[in-house]
Amino acid sequence: MSTACEPLQPIFTAQLFPKLEAKLIELLRSLALEEWEKQTLAPKWKVKDVAAHLLDTQVRKLAAARHGYKPENSKKLSPEKLVALINTLNAEGVRQYRQLPPEELISQMETASRESAAYHQALDPFGIAMFPVSWAGEEESTNWFDTAREFTERWHHQQQIRVAVDKPGIMTREFYFPVLDCFMRGLPYAYRSVSAEPGSLAEFKINGVSGGSWFLFRDGDTWKLTATPAGEKISETTIPEETAWRIFTKGIAFEEARRQVQARGDETLGLHILKMISIVG
């Protein structure tokens, strides 16, 4: 049955980093002093905390790329220890960079963003990434996937700030569809403990101008993402695009998300996607 599965294409996002980062810098420059302390969807973080996190993760990634600096070999850690390590590093970074005045934080962000964009654009997209995409269950990832994962981080944290200060701007197909496409690559891993008859198909639709359809095919005892329908469809789940990114980044409660999602056929199977998390931490 595996011959019926047409694999999804790689997601190329390196060329989008300069434009997304420019929007971030423009956003931060527009903030009034009181807006830096507005609460975001991340319970522990205000706007300035999220901005500090965005700077910290860029600086750390560049340090690892240039100097091989890694606090610990993450590939050898259990999922629980990896999450604990990432949470610790994130908290330390936020404490460090949130102390900066806004103008200095923005200045350092400009430099780091420019250098980070150049770094991702210089990578061989099909080479082996420095870090695997753990939320997709990978122990080794290609650069295009890790770069796309990094793009989702830059996008969703910027979106958290925009929601907090009520400023739109990046929920466009150019930026948002690659984010959704990357998030959905976590489906086979998220469904690894969910059973179905071989040949079954689950369809996941994200409604809106930035959305699309993703198909999960039961090939023997494993799930595979396929670009086109294959097998017998037993469930169909529809998610509004305004809600999708919040589901996959822990930005909405399960019951609230459930009220906004439609499921047909096998509801238990279809609604399992509400438990999928496409971030670490």
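The values are calculated or read from the model by the stated rules, or taken from the named source; none is laboratory data. Just so we're clear, the structure is a prediction, and the values are computed from it rather than from any experiment. Heads up, the Cβs are rebuilt from the backbone with ideal geometry, glycines too, and the neighbour counts pull from every protein chain shown. Note: areas computed on protein heavy atoms with side chains; ligands, DNA, RNA excluded. Shrake-Rupley method; radii C 1.70, N 1.55, O 1.52, S 1.80 Å.
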Helix-only CD estimate at 222 nm, as mean residue ellipticity for the chain, using -39500 (n - 2.57) per DSSP H run (n ≥ 4): -15000 deg cm²/dmol
Environment charge of LYS48, counting only residues whose C-beta is closer than 10 Å and scoring Lys/Arg +1, Asp/Glu -1: 0
Of all DSSP beta bridges in the range 129-281, antiparallel share, percent nearest 5: 65 percent
Probe 1.4 Å - accessible area at CYS5, Å² to nearest ten: 30 Å²
Residue-by-residue Karplus 3J(HN,Hα) for the range 265-275, coefficients 6.51, -1.76, 1.60, Hz, glycine and proline x: x, 6, 5, 4, 5, x, 7, 4, 4, 5, 9
Estimated dipole of the range 1-146 in Debye, rounded to 20 [Cβ of Lys and Arg +1, of Asp and Glu -1, Cα centre]: 260 debye
Local net charge near GLU21, Cβ-Cβ under 9 Å (Lys/Arg +1, Asp/Glu -1): +3
Antiparallel bridge percentage (DSSP; both residues within the range 171-258; nearest 5): 60 percent
Highest-fluctuation residue, GLN160, GLN58, GLN15 considered, GNM on the chain with Cα pairs under 10 Å: GLN15
Mean separation of Cα contacts under 8 Å (6+ apart) over length of the range 33-141, as relative contact order %: 28 percent
Heavy-atom accessible area ranking, 1.4 Å probe, most first, across PHE126, PHE131, PHE215: PHE126, PHE131, PHE215
Cross-link pairs LYS46/LYS275; LYS61/LYS275; LYS38/LYS61; LYS23/LYS167; LYS38/LYS205; LYS167/LYS275 - those with Cα-Cα distance over 21 Å: LYS46/LYS275; LYS61/LYS275; LYS38/LYS61; LYS38/LYS205; LYS167/LYS275
For a label point 7 Å along the Cα-to-beta-carbon line of LEU33, residues of the range 87-110 with backbone N under 20 Å: 98-107
Long-range amide H partners of SER235 with built H, under 5 Å: LEU201, GLU203, ASP266
